[in-house]
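These notes are about the structure you will find just below.
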Amino acid sequence: MKRLFRRMRRRIKRAGDAVVGALAIGVLKTVRLVDPDKMSDFGGSMMRRIGPLLPESRIGRANLVAAFPEKSEADIDAILRGCWDNLGRMGAEFAHLDRLWSYDREDPTRGRIELAQPDIERFHKLLDDGKPALIFAAHLANWELPAICATTYNLDSAVLYRRPNIARIDQWLTETRTAHMGELISTDLDAPMEIAQALERGAHVGILVDQYYSRGVPVTFFGRQTLANPLLARLARHFDCPIHGTRIVRLENHRFRAELTEEITPARDASGKIDIAGTMQIITFVVEQWVRQCPEQWLWLHRRWRT
């Protein structure tokens, strides 16, 4: 009887996932028919209203109070509203990712993307040096755009991503993202091997590094200890390849600024090998500086610190 019940439950779940998946794809296709700027404004406005009512808002507020003890309640409220606004815009922009990267070299004020000359030079160096590289990013502004940039300019790239639980959504994401973001590597058991293969061929591997990882190495973030995924530092130690950070900053009038750091110098132990925890601390500090500069554009809604 228990076995029969489990089978029925699995079938019901599969059927439910199929319905949810079909609805989600339908919504994304519908959103794609609407002007991306209008959808971004709508998404931001909607989440500014709905977000504060959700349980995640309590997590975000607690994180902000701990990270910025010097800020007033009004300041915290403003940052949290900005966080929800950014998340709403990010969701609306998701259906338009291939249309958002618009950079006019002749007149940079015309497109959606703003690039400073030093960032352009660093990118061209990555493009032309024939070496693999590790590129870290954080959940800031529209964090999907760096991968779009890499593919747009034919930079051999691979992106580590978390596979959705619903198969239909995962299939759609894989089909659409691969066309515009290069190789996608799911965070499953085969991920380290696939990343290694990408680096061996000279690819540039992008990894989000700003979330809690239960089997991670200890780092300090906003003065509090947490755990960071050591994968990037371990790969750097094994392949001895450059490390860079990239971020997108959301600007007014539906524009973005893309940035690429200078090569990050990793920490090394007495034998000269890359120190895993020390290197992740350096990377975490870079992310913290990014967040301090634009706190309303970071995803405060997950439990970055845990006891």
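The values are calculated or read from the model by the stated rules, or taken from the named source; none is laboratory data. All of these numbers come straight from a predicted model, not from anything done at the bench. Using ideal geometry, Cβ is built from the backbone for each residue, glycine included, and neighbour counts are taken over all protein chains shown. Surface areas here come from the heavy atoms of the whole protein model, side chains and all, with no ligands, DNA or RNA. Shrake-Rupley method; radii C 1.70, N 1.55, O 1.52, S 1.80 Å.
Numerical summary
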read-out	value
Some residue of segment 86-93 being more than 21 Å from the chain's Cα centre (by Cα) and more than 30 Å from P242 (Cβ to Cβ)	no
Qualifying residues in segment 130-183 (those that are small (G, A, S), modelled with pLDDT under 90 and not in a helix (DSSP H, G or I)) - the one surrounded by the fewest Cβ atoms within 10 Å (Cβ to Cβ)	G130
Selected residue (criterion: nearest to A196 (Cα to Cα)) from residues of segment 94-129 that are part of a loop (DSSP other than H, G, I, E, B) and open to solvent by 70 Å² or more (accessible area, probe 1.4 Å)	R105
Test: V219 is assigned to a strand (DSSP E or B), over 13 Å from I276 (Cβ atoms), among the β-branched types (V, I, T) and open to solvent by less than 50 Å² (accessible area, probe 1.4 Å)	no
Of the criteria (1) modelled with pLDDT of 65 or more; (2) within 22 Å of the chain's Cα centre (by Cα); (3) over 22 Å from H302 (Cβ atoms), which one I25 fails	(1)
Residue in segment 190-211 that is farthest from A138 (Cα to Cα), counting only those that are of a type in the set (V, I, T) and in contact with a Ser or Thr (Cβ under 8 Å, 6 or more places away or on another chain)	V205
Test: G16 is more than 25 Å from the chain's Cα centre (by Cα), at pLDDT below 75, surrounded by 11 or more Cβ atoms within 10 Å (Cβ to Cβ) and not charged (D, E, K, R)	yes
Candidate set from segment 262-285 (those that are open to solvent by 60 Å² or more (accessible area, probe 1.4 Å) and in a loop (DSSP other than H, G, I, E, B)); member that is nearest to S102 (Cα to Cα)	E262
Test for E259: is it in a strand (DSSP E or B) and either loosely packed, with under 14 Cβ neighbours inside 10 Å or not polar (S, T, N, Q) (or both)	yes
